[in-house]
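Below is one structure, written out as structure tokens, with a few remarks after it.
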Amino acid sequence: MRARIAGRIGLAGASGALCALYAVHPQLAFLPRFCLVPWAILYSDPRERRVSALYYAVSQWLAWIVFYAASFRYGWYAPPLMGLLAYWPFLVFPFLFRPMQRLGLPRVLTLPLAWVAVEWIRARLTLGHFDLFLLGYSQARFVRLVQIADITGVYGVSFLVAAFNGLVADAYFVLRDGGWGWRSLFENRTLVRSTVAFMGAAILVLAYGTWRVATLPREAGPRLAVIQPNLAHTRSNYLGVTLSELAQTDFAVGEGKADLIVWPENAILDDFTRKDAYLPLLGALAQKKRAWLLVGAEGYPPTRPDRTTNSAFLVDDTGTVRGRYDKQVLFTWSEEIPFEGTLGRIAPSLQTLHRTLARKAWGHVPTGVPGDGMTLFDLPWRGATLPFAVVICVENSYPPLVSAAGTMGARFLVNITSEGEVSGPVQEQLLRICILRAVESHLAYVRCGNAGISGFIEPDGRIRSILTNSRGGTIGIPGSLTDTVVLSGGGPTIYARSHDAFAVICVAVAAGLALAGLVRGRRIAGTAPALVLLVLTSTSGCGQGRAFDAVCPDEAACRQALPGMADTFRRTDGAERGVVAFTRVAERFPALGPEALAYRAYFRDRAGDLLGAAADCEASLRGRADARTWANLGSLRARMHDPRAALDAFVQADHLSPGEPEILFLIARSHWEIGDLEEARRAVDDLLAKTPAHASGLTLQGKLDLAAGRTDAAAASFQAAASADPANLESRYYLARLAWRDGRDGEFKRWLDEVKSIEAKLERPRG
């Protein structure tokens, strides 16, 4: 019995190990041609009819952890927990494949049917569609082999690879049953027929690929310059990153040498349309280079001003946004937190733990919302416009997005991404995914990565050029690459029109065969999954309740304890626990409600709930008038892009606490954001009359001078702000902009270095 269990563990582990070894060393592209064989043997051996699905489940989970081992950087718990939540669609395999074998069909047929069905289910149901290791992707570098994808999608390539695995498994059983004599391979008619059929299919696929590569229409398209900054994009360094990317582009791209300049995903990790922050600068760069810019940046949806979008913006030479695409497939935990609503309803304490882990892992609370559809951009070219589409980050791993762009009329695709933290093998895998997407829709792929791999892929999947350094490195290096996009005039492919028809057929056939096998085996009830459901639970909160009672035994003691409680949660980065604690205060002691809600607003803001924080401020103000709460409400409204409502709140704060410099500044800034420059100027003059060295006020004065065309006066205001506050970023950012515009390179570098030095001190390490 022990030997049998050890053998099963060995078989399950062998498949998982082969899959993981390919993920770590993608150059070993032959491994996927054998990686399914042990699983196939384990679950189709007629001598072993009752093998638990747990062998497969555990080995696949461990393989998943290796696939995405780079996420260990976010915490030891990240890959195991992410795997448990994300890999469950993989688990269908043994429950499809095992019943099919009862029909006596060769594994060269049943294994690819089952595996393609599983891959399609994975692509549809995995969280964020985040599934990078389909079998077909492993063969992307064999260009003639993968051309069949323009009919079947990547699933046709996966089918062929899985069929070879099935053929090897068939050969294993023939050898075993034949006493391990080689003659049995040639004497088994079923195996011989299967081999001939497989070889015929492989020859047809290669012949089609050879013909397709030779005959696919091609024409020279626009020239694109991709910028690979190799910079850490964080919420603390976006000004320095913007200036660095500006300098890199200015140096690397000659005037008139490109039709479009591409910056990567998150190139500006800030509200891209922030007043006077980025668009004038990018417009000046576009005008100087005589090329439009495509920039990855943060946006916000008009219907959810408390949320953000991961977007691509097309900017012309006047600094006008000519197109925008919002990422549709968000990266789970980094851009959105899954199961928010469900956990909040059924397990609030678990939801709190979930959000806390996500915030500590990534350093912020995800606030992303997905876009609602594919967008085409129009690029001026040869006196007309050329439509193209953008996919952001790992969106290219979800085939329907790219095929939608093809059917809408896109002539090429740009993939902007920022994958510096996912490791080289995963970046190579993502490049292979781009190759398959190009083949499926006959669309050239231009890939612009923050840290690589950046390059140009032709419509038939051939790599045209890759950005490399002098040593041939492609990852973790800064640089730029300018090349011509190759256009295909063939129109939407069969795959683009039919989408996943081939895969859906495999799903239907596999399900039908599995059902027939269950009926024949008369063991329908016995096929229920033998999986252990792992339920993640947090502590019941009883201990927290006792701690709360000790701090707040009565109203008077609780009133005195509130500032200390707030300070403790601030120091320990316990925003979510702070929300819970001050909710209890408000519920238990109604007289303390207004003060408790003001504190809760702060922690809700820290936990990423801007709307809830604003609602708490408003509720608190109905119970008591407080200047600080009004100011907090104004700041929240400003961050939710409502400067008029923010101004009203700041004015109320000023009435309660007149003459406070910070509130006067916020009033002036709100007037400026609304466009009321005269009132903004009056408010700034009032502020600076009271506080002449107010750095933010001096910076705003400089912005008003710029708007009025008084460049020298603006520069003097920015200089005064920088002198008044050694840590003032905005003034130095504007001084760097002015120096770049005037060609004062040494001064530009000085201000850039100061911005980067200040931002480096603001970086908050992950907890």
Report task. Spot the failing condition for E458; the list is (1) among the acidic types (D, E); (2) within 28 Å of E335 (Cα to Cα); (3) out of contact with any Leu (no Cβ under 7 Å at 6 or more places or on another chain), and only one is missed. Result -> (2)
Report task. For segment 181-199, indicate whether the set of residues that are buried (at least 18 other Cβ atoms within 10 Å of the Cβ), farther than 30 Å from A267 by Cα and in contact with a Lys or Arg (Cβ under 6 Å, 6 or more places away or on another chain) is non-empty. Result -> no
Report summary line: Counting only helices (runs of 4 or more DSSP H) entirely within segment 334-429, those with at least 3 residues that are not assigned by TED's automatic domain parsing to the domain that holds T474 are 340-346, 348-362
Query raised in the report: If we keep just the residues of segment 364-405 that are among the small types (G, A, S) and surrounded by 17 or more Cβ atoms within 10 Å (Cβ to Cβ), which is nearest to T493 (Cα to Cα)?
Result: S403
Report summary line: Residues of segment 658-702 being basic (K, R) and surrounded by fewer than 24 Cβ atoms within 10 Å (Cβ to Cβ), in sequence order, are R681, R682, K690
**Report entry** Breaking point among (1) at pLDDT below 95; (2) buried (at least 24 other Cβ atoms within 10 Å of the Cβ), for V262
**Finding:** (1)
Query - Among (1) over 27 Å from Y238 (Cβ atoms); (2) modelled with pLDDT of 95 or more; (3) of a type in the set (G, A, S) - the single one A625 does not satisfy - result: (2)
Requested in this report: Starting from segment 425-453, take each residue that is over 16 Å from A29 (Cα atoms) and without any contact (Cβ under 8 Å) to a residue 60 or more places away in the chain and list its partners that are β-branched (V, I, T) and in a strand (DSSP E or B), counting only C-beta distances under 6 angstrom and pairs at least six apart or across chains.
Outcome: C434/I457; A438/I457; Y445/I457
Report summary line: Within segment 51-85, of all residues that are of a type outside the set (S, T, N, Q), in contact (Cβ under 8 Å) with a residue 40 or more places away in the chain and part of a loop (DSSP other than H, G, I, E, B), the one surrounded by the fewest Cβ atoms within 10 Å (Cβ to Cβ) is Y77
Report summary line: Wholly inside segment 609-696, helices (runs of 4 or more DSSP H) that include 2 or more residues that are charged (D, E, K, R) and farther than 28 Å from A716 by Cα are 610-623, 627-639, 643-656
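Would you check which residues across segment 207-220 are within 26 Å of R411 (Cα to Cα) and either outside any strand (DSSP E or B) or aliphatic (A, V, I, L, M) (or both) and list them?
Start the filter on segment 207-220 by keeping residues that are within 26 Å of R411 (Cα to Cα), which leaves 208-220.
Y208, G209, T210, W211, R212, V213, A214, T215, L216, P217, R218, A220, listed by residue number.
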Requested in this report: Check segment 727-739 and report whether any residue there is within 18 Å of E245 (Cβ to Cβ), of a type in the set (G, A, S) and in contact (Cβ under 8 Å) with a residue 60 or more places away in the chain.
Outcome: yes
Query raised in the report: What number goes with the only condition from (1) among the aliphatic types (A, V, I, L, M); (2) out of contact with any Phe, Trp or Tyr (no Cβ under 8 Å at 6 or more places or on another chain); (3) surrounded by fewer than 19 Cβ atoms within 10 Å (Cβ to Cβ); (4) at pLDDT 90 or above that A347 does not pass?
Result: (4)
Query raised in the report: Among the residues of segment 1-45, how many are assigned to a loop (DSSP other than H, G, I, E, B) and among the aliphatic types (A, V, I, L, M)?
Result: 4
Query raised in the report: Does segment 340-351 contain any residue that is of a type outside the set (A, V, I, L, M, F, W, C) and either under 20 Å from the mean Cα position of the chain (by Cα) or over 20 Å from G612 (Cβ atoms) (or both)?
Result: yes
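Out of K275, K257, I need the residue that is assigned by TED's automatic domain parsing to the domain that holds S480, modelled with pLDDT under 95 and not acidic (D, E). Which one? It would help to see each step written out before you state the result.
Working: K257 fails: modelled with pLDDT under 95.
Selected residue: K275, the only one of K275, K257 that is assigned by TED's automatic domain parsing to the domain that holds S480, modelled with pLDDT under 95 and not acidic (D, E).
Out of A29, A40, A78, which single residue is among the aliphatic types (A, V, I, L, M) and farther than 20 Å from G166 by Cα? Quick ask: steps written out before the conclusion?
Values: A29 fails: farther than 20 Å from G166 by Cα; A40 fails: farther than 20 Å from G166 by Cα.
Every option except A78 fails the conditions.
To keep it simple, each residue is scored yes or no on (1) outside the structural domain of L18 (by TED's automatic domain parsing); (2) over 20 Å from the mean Cα position of the chain (by Cα); (3) over 25 Å from V519 (Cβ atoms).
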| position | (1), (2), (3) |
| --- | --- |
| V37 | no, yes, yes |
| Y43 | no, yes, no |
| A70 | no, no, yes |
| P94 | no, yes, no |
| L105 | no, yes, no |
Query raised in the report: Do we find that L96 is touching a residue at least 12 places away in the same chain (Cβ under 8 Å) and either farther than 24 Å from A149 by Cβ or in contact with a helix residue (DSSP H, G or I) (Cβ under 9 Å, 6 or more places away or on another chain) (or both) in this structure?
Result: yes
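Only residues that are within 17 Å of R4 (Cβ to Cβ) and in contact with a helix residue (DSSP H, G or I) (Cβ under 6 Å, 6 or more places away or on another chain): list them for segment 40-50, please.
Applying the first criterion (within 17 Å of R4 (Cβ to Cβ)) to segment 40-50 yields 41-50.
Passing the criteria: I41, L42, Y43, S44.
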Report summary line: The condition from (1) closer than 18 Å to A601 by Cα; (2) over 36 Å from the mean Cα position of the chain (by Cα) that S635 misses is numbered (2)
Report task. Look at D317 and say whether it is under 16 Å from T375 (Cβ atoms) and either more than 13 Å from the chain's Cα centre (by Cα) or not aliphatic (A, V, I, L, M) (or both). Result -> no
Query raised in the report: How about segment 725-752: which of its residues are more than 32 Å from the chain's Cα centre (by Cα) and of a type in the set (A, V, I, L, M, F, W, C)?
Result: L735, L738, A739, W740, F748
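In segment 713-729, what residues are of a type in the set (A, V, I, L, M) and touching a Lys or Arg at 6+ places or on another chain (Cβ under 9 Å)? First the steps, then the outcome.
Start the filter on segment 713-729 by keeping residues that are of a type in the set (A, V, I, L, M), which leaves 713-716, 720-722, 724, 727, 729.
A714, A721, A722, A727 - these are the residues of segment 713-729 that are of a type in the set (A, V, I, L, M) and touching a Lys or Arg at 6+ places or on another chain (Cβ under 9 Å).
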Requested in this report: Could you tell me whether any residue of segment 270-284 is more than 26 Å from the chain's Cα centre (by Cα), of a type in the set (D, E), assigned to a loop (DSSP other than H, G, I, E, B) and closer than 24 Å to E754 by Cβ?
Outcome: yes
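On the basis of being surrounded by fewer than 17 Cβ atoms within 10 Å (Cβ to Cβ), over 29 Å from the mean Cα position of the chain (by Cα) and not assigned by TED's automatic domain parsing to the domain that holds K360, does A598 make the cut? First the steps, then the outcome.
Working: surrounded by fewer than 17 Cβ atoms within 10 Å (Cβ to Cβ): no; over 29 Å from the mean Cα position of the chain (by Cα): yes; not assigned by TED's automatic domain parsing to the domain that holds K360: yes.
When the stated conditions are applied, A598 does not pass them.
The values are calculated or read from the model by the stated rules, or taken from the named source; none is laboratory data. Everything numeric here is computed off the predicted structure, so don't read it as measured data. Don't worry about glycine lacking a Cβ; one is built from the backbone with ideal geometry, like all the others, and counts go over all protein chains shown.
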